[in-house]
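What follows is one structure encoded as structure tokens, with my remarks underneath.
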Amino acid sequence: MKFRAKLVDAACLNNFTRVSNMIAKLAKTCTLRISPDKLNFILSDKVANGGVSMWCELEQENFFSEFQMEGVSAENNAIYLELTSENLSRALKTAQNARVLKIKLTNKHFPCLTVSIELLSVSSSSRVVTHDIPVKVIPRKLWKDLQEPTVPDADVSIYLPVLKTMKSIVEKMKNISNHLIIEANLNGELNLKIETELVCVTTHFKDLGNPPLASENASQDRNSEQMAEVHIDIRKLLQFLAGQQVNPTKATCNIVKNKIVHFDLLHEDVSLQYFIPALS
Amino acid sequence: MERIPADWKEREGFSRRWWKWRTLGQVCEQKPARGLGLTLQVTASLSLLFLAQLSLRTVNSSRSAYACFLFAPLFFQQYQAATPGQDPLRCKILMKSFLSVFRSLVILEKTVEKCCISLNVRSSRLVVQLYCKYGVRKTHNLSFQDCESLQAVFDPAVCPHVLCAPARVLGEAVLPFPPALAEVTLGIGRGHRIILRSYQEEADSTIKAMVTEMSIGGEDFQQLQAQEGVAITFCLKEFRGLLSFAESANLSLSIYFDGPGRPAIFAIKDSLLDGHFVLATLSEPDPHPQDLRAPELQQPAPQLQAHSTPHLDDFALDDIDSYMIAMETTVGSEGSRTLPSTSLSPGFQPHCSPGSHSEEEDDTEPSTVPGTPPPKKFRSLFFGSILAPAHSPQGPSPVLAEDSEGEG
């Protein structure tokens, strides 16, 4: 198993740092899947995660000037590593003035992802920062739980409003109740609802627009005003929104009535899918 | 009553600069510009503050870190020293009390115009008066206790290894390390590169933590006198304290060290003040010695091995207080003492007869019981060795001979 990659472009480095910061906010521990053309950050829907799952994908050639990997075997040409997300983002944080950033899989008493950063230096001598991030190699038999989740057939698909706005609203709603209802229709309307004994609060978003694909799948005689709703834990939504520092290029929300809500974001050339299950 | 007022107004020839003090963990800011008083803030985690003439010294509770700042009278606008012939006053003050006077630096900078510190011996009070704007005067009476001098016995000159660099370089060197990191290993690698590496205790091996290493070329250092392969591990938090002060004052920081287990001396020097931090270093060798040594470092120098075997100290006393008996034994030299000439050159003036203090840095080494895992082997600094012969120091010197029999 071998992995070695080099990153030299400042903009790519910034992007990669932003991705790792986002992942660190979304999942404490995650799986990094390395394949010849992609890098994936995966969180599988275990009970430990509260049923939340995440799939983040980026094309390696959009980031790395050099990329070499050799998977477990020729047929299974991938590497699955479990790591603490915060370690990677911390390591990349020190790379702000990097000339060159190298990542490689090493074995220093235990498997590590070694991030080696050569800093721009005023003086003649070079400065090198090295971070050894401990990782756990995930055996092949567990790979099946870490595959790309199938996008469910949504009852409603809708574009999301500005995430920052959504986040500040959800933050305030969290003070009232942990139980949030998300509902949307094919008319570009999305509501966030909190219902308690004493008070009901609803925030209405209008004119959001719906992706064209969804409308085709929906049955023709579906009332476009009809809302599809999901009851979720507000904290999970908040965690997801907190991870989005920048407004994405594209953001879609797919609701499967009373089952799951699926967020599909595109940040420049990084795609993120986040699934929050309904409260049982 | 002695008065030691401190005033920055009309400070001649002293350009504006920001001074940041961080002694063992806490930051304090002092802006001398436009007549603001001297502000000092040392961390509340240390238990004792010794005010001896113009020096502020402190030591932490585990005796593994000692700090001493010596001020030239020029640091103050007005300074009235003890009259010659009179015993210099030494007192210790609770750190918390002293800090509470200078708690909010922002407010101090904005409102305090002058600060006067004086000792009221009759009532055993250290009086700190802050003259603020609009005619407001705040007076703090801090009770103090007489005490023996707190003096760590250390001598930079006997340390075989010296590193000196602008504080900024060292500041950049510790930047990649997480703020919570307790200990760091400093070593010399191949090609005379200075290596800093986060230190993980063996006990935490179940939770594997990220290891960070910073490597800097020797060219960035003003002085580099150390063999490849030597390494010491010390408390990063305490080092950061002195470092951030040195950075804001734009000073160079020198590190004098020996091998693992021997205290490391961190020194800064200015025309007006002199600061020393003496930190204990881990006495056991790096648990994964091959990491630090290869590929960056070569095989350790022989002396590293010698120091790695802990030697039993006969004076592993429980009550450390009774052990702080290093004293200023010379009468008369104190009154006229201005700035002790702690020169950074290896030719440090011999403070006593040669040979008697080669093992000044005594340690409380807990005896290693075979079979039991040794406790974290930081050696505490003993202030003076009972075995050392009675001796009077030859002149102004922060490093003193120590006499077990009393005044020498």
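Inside 10 Å of the C-beta atoms of B:170-177, what's the mean count of C-beta atoms belonging to other chains? Before the final figure, lay out the partial values.
Numbers: counts 0, 0, 5, 2, 0, 5, 11, 3.
That works out to 3 on average.
Quick check: pseudo-label points 7 Å beyond the Cα along Cα→Cβ at A:Lys38 and B:Arg103, how many nm apart are they?
Output for this residue pair reads 5.7 nm.
Hey, if you drop one equal point scatterer on each alpha-carbon of segment A:147-217 and run the Debye formula without solvent, what base-10 log of I(q)/I(0) do you get at q = 0.20, 0.24 Å⁻¹?
-0.89, -1.06
Write down the Å³ per residue value for the convex hull defined by the alpha carbon atoms of segment A:156-277.
On the way: hull volume 12.2 nm³, N = 122.
That works out to 100 Å³ per residue.
For the interface of chains B and A, what total accessible area is buried with a 1.4 Å probe, rounded to the nearest 100 Å²?
On the way: alone 17880 and 14500 Å², together 30760 Å².
Buried surface at the B/A interface: approximately 1600 Å².
Once phi is turned into θ = phi - 60°, what whole-Hz ³J(HN,Hα) does the Karplus curve with 6.51, -1.76 and 1.60 give for every residue of segment A:44-50, x standing for Gly and Pro?
Couplings: 8, 7, 7, 4, 4, 8, x Hz.
Report, as an integer, the average count of C-beta atoms from other chains found within 10 Å of each Cβ along A:129-138.
Mean inter-chain Cβ contacts per residue within 10 Å come to 5.
With +1 assigned to the C-beta of every Lys and Arg and -1 to the C-beta of every Asp and Glu, and no other charges, what is the dipole magnitude of segment A:1-90 about the Cα centre in debye, to the nearest 20?
Around 380 debye, computed over segment A:1-90.
Per 10 Å bin, what is the whole-percent P(r) computed from every C-alpha pair distance within chain A?
Answer for chain A: a P(r) of 6, 27, 30, 21, 12, 3, 0, 0 percent.
For segment A:180-191, just list the computed ³J(HN,Hα) in residue order, Karplus coefficients 6.51, -1.76 and 1.60, θ = phi - 60°, integers in Hz, with x standing in for Gly and Pro.
These are the phi-based 3J(HN,Hα) values: 10, 10, 9, 9, 8, 10, 7, 9, x, 10, 10, 10 Hz.
Of A:Ser44, A:Phe3, A:Phe16, which is farthest on the positive side of the dipole of chain A, counting Cα position, with +1 on Lys and Arg Cβ, -1 on Asp and Glu Cβ, and the Cα centre as origin?
Of A:Ser44, A:Phe3, A:Phe16, it is A:Phe3.
Let's test the formula: R0 of 51 Å, r as the Cβ-Cβ distance of A:Val246 and B:Thr139. What FRET efficiency results, to the nearest 0.05?
Working: r = 54 Å, r/R0 = 1.06.
About 0.40, to the nearest 0.05.
Note down the Stokes-Einstein diffusion coefficient of segment A:53-184 in µm²/s, whole number, using a Kirkwood radius over alpha carbon pairs, 25 °C, and 0.890 mPa s. Let's see the in-between values first.
Working: Rh = 19.1 Å.
Translational diffusion coefficient: 128 µm²/s.
Taking the Cα centre of chain A as origin and charging only Cβ (+1 Lys, Arg; -1 Asp, Glu), how large is the dipole, in debye to the nearest 20? Intermediate values should be presented prior to the final figure.
Working: 32 positive and 31 negative charges, 276 e Å.
Once rounded to the nearest 20, the dipole reads 1320 debye.
Please sort by residue number the chymotrypsin sites (Phe, Trp or Tyr not before Pro) in segment B:183-258 whose DSSP state is loop and whose Cβ has at most 13 other Cβ atoms within 10 Å.
Answer in residue order: no site qualifies.
Which lysines, if any, have their Cα less than 26 Å from the Cα of B:Lys138, not counting same-chain residues under 8 positions apart?
Partners found: B:Lys9, B:Lys20, B:Lys31, B:Lys92, B:Lys96, B:Lys110, B:Lys114.
If you stretched the chain out fully between A:Cys200 and A:Leu266, how much longer would it get, using 0.36 nm times the residue separation minus the C-alpha to C-alpha distance?
20.5 nm
Shielding by partners for B:101-114, please: the mean number of other protein chain Cβ atoms within 10 Å of each residue's Cβ.
0
In whole Hz, with x marking every Gly and Pro, tabulate ³J(HN,Hα) for segment B:251-257 from phi via Karplus 6.51 cos²θ - 1.76 cosθ + 1.60, θ = phi - 60°.
Rounded to whole hertz, the list is 9, 8, 10, 10, 10, 10, 8.
Let me know the charge dipole size of segment B:156-282 about its Cα centre in debye, to the nearest 20, where only the beta-carbon of Lys, Arg (+1) and Asp, Glu (-1) is charged. Can you show the working numbers first?
Details: 9 positive and 14 negative charges, 13 e Å.
Around 60 debye, computed over segment B:156-282.
Give me the angle, in degrees from 0 to 90, between the Cα long axis of helix A:10-26 and the longest principal axis of the Cα atoms of chain A, rounded to the nearest 10.
Around 50 degrees separate the two axes.
What value, in deg cm²/dmol to 500, does the helix sum -39500 (n - 2.57) over DSSP H runs of n ≥ 4 give at 222 nm once divided by the residues of chain A?
After summing the helix terms and dividing by residue count, I get -5500 deg cm²/dmol.
Beyond 21 Å between alpha-carbons counts as too far, so tell me which of A:Lys172/A:Lys236; A:Lys236/B:Lys208; A:Lys93/A:Lys172 fall in that bin. Intermediate results must be reported in sequence, preceding the final value.
Working: A:Lys172/A:Lys236 14 Å; A:Lys236/B:Lys208 28 Å; A:Lys93/A:Lys172 30 Å.
Pairs exceeding the cut-off: A:Lys236/B:Lys208; A:Lys93/A:Lys172.
Let me check against my output: what whole-number percent is the relative contact order of chain A, with C-alpha pairs under 8 Å and at least 6 apart?
19
What distance in nm separates the simple spin-label points at A:Ser124 and A:Asp153, each placed 7 Å from Cα in the Cβ direction?
The modelled label-to-label distance comes out at 7.2 nm.
Which one of A:Thr202, A:Leu190, A:Leu241 has its Cα pushed farthest toward the positive end of the charge dipole of segment A:156-277, where Lys and Arg give +1 and Asp and Glu give -1 at the Cβ?
Among A:Thr202, A:Leu190, A:Leu241, the one farthest towards the positive end of the dipole of segment A:156-277 is A:Leu241.
Out of the GluC sites (Glu not before Pro) in segment A:73-179, which ones are loop residues according to DSSP with at most 16 other C-beta atoms within 10 Å?
Here the GluC sites (Glu not before Pro) that fit, given the DSSP loop and packing criteria, are A:Glu75.
Using Cα springs under 10 Å in a Gaussian network model of chain A, which residue among A:Lys257, A:Lys46, A:Lys141 shows the largest mean-square fluctuation?
Among A:Lys257, A:Lys46, A:Lys141, the largest GNM mean-square fluctuation belongs to A:Lys141.
The values are calculated or read from the model by the stated rules, or taken from the named source; none is laboratory data. Source: prediction; values computed, not measured. So basically every Cβ, Gly included, is an ideal-geometry build from the backbone, and we count neighbours across all protein chains shown. SASA here: full protein model, heavy atoms, side chains in, ligands and nucleic acids out. Shrake-Rupley method; radii C 1.70, N 1.55, O 1.52, S 1.80 Å.
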